[in-house]
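Each value in this text was obtained by applying a stated rule to the coordinates, not by laboratory testing. Note that the structure is predicted; figures quoted are calculated from it, not measured. We place every Cβ from the backbone using ideal geometry, glycine too, and count neighbours over all the protein chains shown.
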Amino acid sequence: MKRIGEALSAIIGEEDEKRLSSLALLAARRANLEEMRSILHRIVGVAAPLQGAGISAGNDLVDALASHVPWRAAPYGPLGRAQFAFSETFDPGDRHETALRLK
């Protein structure tokens, strides 16, 4: 986190340690979410062929990650591929109830 903060400081010229710490935390979070999104795209690419080949473990993946819902106006993004987003529920009073959800 310190190295990320130092890199951000060099880029934006910010010196406030508290603010840099917050920015570094957000940058690290974004990097982790981007890696998760990349993994989900790879899973979506192989889930349907697994299911088609009769590998039953692929069924749960397809059901969980199926992006096509018949009533949706645009089930795919502008590039014709599934779009993933994340939402977070966070209660500062009870940090154990924090949840990250795939949308």
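Quick one: length gained pulling residue 11 to residue 27 fully straight, 0.36 nm per residue minus the C-alpha distance? Working shown, then result.
Working: separation 16, 0.36 × 16 = 5.76 nm, distance 1.32 nm.
Full extension from residue 11 to residue 27 adds 4.4 nm.
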Open item on the list: Once R0 is set to 22 Å, what does the formula 1/(1 + (r/R0)^6) return for the Cβ-Cβ distance between residue 103 and residue 48, expressed as a FRET efficiency to the nearest 0.05?
Closed with: 0.65
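Between residue 85 and residue 1, how high is the FRET efficiency from 1/(1 + (r/R0)^6) when r is the Cβ-Cβ distance and R₀ = 22 Å? Nearest 0.05. Write out the running numbers ahead of the final one.
Numbers: r = 25 Å, r/R0 = 1.13.
Calculated transfer efficiency: 0.35.
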Open item on the list: Could you give the length gained by full extension between residue 39 and residue 96, i.e. 0.36 nm per residue of separation minus their alpha carbon distance, to one decimal place?
Closed with: 18.0 nm
